[in-house]
1. Which condition number does E149 fail, the rest of (1) in contact with a Phe, Trp or Tyr (Cβ under 9 Å, 6 or more places away or on another chain); (2) modelled with pLDDT under 95; (3) outside any helix (DSSP H, G or I) being met?
2. Considering only region 260-309, how many residues are part of a loop (DSSP other than H, G, I, E, B) and not aromatic (F, W, Y)?
3. For region 172-182, check the following and say yes or no: at least one residue is in a helix (DSSP H, G or I), under 29 Å from M345 (Cα atoms) and not hydrophobic (A, V, I, L, M, F, W, C).
4. Which of the residues belonging to region 387-409 are more than 16 Å from the ligand (Cβ to nearest atom) and in contact (Cβ under 8 Å) with a residue 60 or more places away in the chain?
5. Scan region 350-368 for residues that are out of contact with any helix residue (DSSP H, G or I) (no Cβ under 8 Å at 6 or more places or on another chain) and either within 16 Å of the ligand (Cβ to nearest atom) or of a type in the set (K, R) (or both) and report the count.
6. For region 387-418, give me the residue count where each residue is under 23 Å from H346 (Cβ atoms) and either under 28 Å from the mean Cα position of the chain (by Cα) or among the acidic types (D, E) (or both).
7. Only residues that are more than 13 Å from the chain's Cα centre (by Cα) and more than 14 Å from the ligand (Cβ to nearest atom): list them for region 263-272, please.
8. Would you point out which residue out of R415, R402 is at pLDDT 95 or above and under 16 Å from R342 (Cα atoms)?
Amino acid sequence: MQKEINQVFKFRRQRLIELLPCDSIALIFSNDYQIRNRDINYPFRQDSNFLYLTGFNEPDSILVLMTDQSKGVDILFCRPKNHSEEIWQGERLGLTQAKETLNVETAIDIESFQDLFSGWIENKKNIYFNLQMPAKQYQKIKPFLCGMESQDTMIESLHEINHLIHPMRMIKSPEEIMQIQIACDISVLAHKQAMKACKPGQYEYELESILISEFIRKGARFSAYESIVASGQNGCTLHYTNNNSRIKPDDLVLIDAGCEWQGYASDITRTFPASGVFSSAQCAIYDLVLLAQMTVIEALAPGIYWQDMHQLSVKIMTQGLLDLNILEGTLSHLIESKAIQRFYMHGIGHFLGLDVHDVGSMKHQGKRRPLESGMVLTVEPGLYFDQNDLTIPESFRGISVRIEDDLLITPTGVRVLTADLPKTSVEIEAWMKV
Ligand SMILES: [Mn+2]
């Protein structure tokens, strides 16, 4: 089984090698440990490109891909076995095992990287790496780049590796879709439990603890991002993570949380009434956001433009706010003047993958890029009404609603990966009552 999985990473490296011109060298750095304080580190999270190409979860490693006239090779620099360090830091794969398990051409002690690299770049025309890499990593290669014949040759030969890797990561393979689905399934269970457990008078962090507990209980030790549990007005802070307010009986509670599974993120938002029953004003806003979300999801298919999906959500919600007398004027004028941006200040959604806001672009060579089968995205329209906004009717003040699901673009349309989570106001009220 492990061999089959590692073959997937081998194929990815081979595909990347095929994209490299002749006489190229490409460097993909692992992440390093990040210090939290003194001798304590933050939990280690591998660099997403490195993980995508190796499946190898150790720090202090560099993947090197090289091409010449005849072929391409993949070389892994990593830490050798070291009994005394492994007692403290945990077991390492080591060089022999790394070569065999990860199926690379050769595995070399990371300490030898600079010596070998200085010789290799002498006969390479193109050098690919992450041009935005952290300074600490850049220091490892900078002396050799500066030693090149002239500044002009150097600049001409440096290329952005992300321009090759990101388009690959944008289209998910069946293996990746499986991992994302597992992340989604766990997050759905966690959201269901938190929604059902909610009682006015609780603190937001009590719901957060249910989410995290369920993630970990299912083997997803890490969240894909810090959970947002925002009651009432806190929902108006888009990235609210204090999660320390007391939930009031008339509040809506907005939970935006998702776990990470095998490096793959899920990202779900639900908004529900603390009391278990929506007020009529809350329900009006909720149903409007839901209408926008479901209309966009139904429209998704290969060939569709993401920018049009955002516009579709803008149009639906602008019309809805006109009907509710929150906006005044004509629809076309309000859309043109982007009047809804006061209440809907983010985009319709984003790519999802190894990064929660995954790599990839909806533009390609200056033009819009249509959706393709294999893309995974979130759709998350929202409306946020500040409690101190005196320009809107009083009953709507302090209401924040966002609804977010994760989706796979299929050859014929779309598959909702988070479909098992109650979503309509009727479903939510019924689920909270049980
Ligand atoms: Mn999101």
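1. (1)
2. Adding up the residues that qualify gives 14.
3. Yes, because at least one residue in region 172-182 is in a helix (DSSP H, G or I), under 29 Å from M345 (Cα atoms) and not hydrophobic (A, V, I, L, M, F, W, C).
4. Q387, I392, P393, S395, F396, G398, I399, I409
5. 5
6. Final tally of qualifying residues: 16.
7. F272, the sole residue that qualifies.
8. The match here is R402.
The values are calculated or read from the model by the stated rules, or taken from the named source; none is laboratory data. Because the structure is a prediction, the values reported are computed rather than measured. Backbone-built Cβ (ideal geometry, glycine too); neighbour counts: all protein chains shown.
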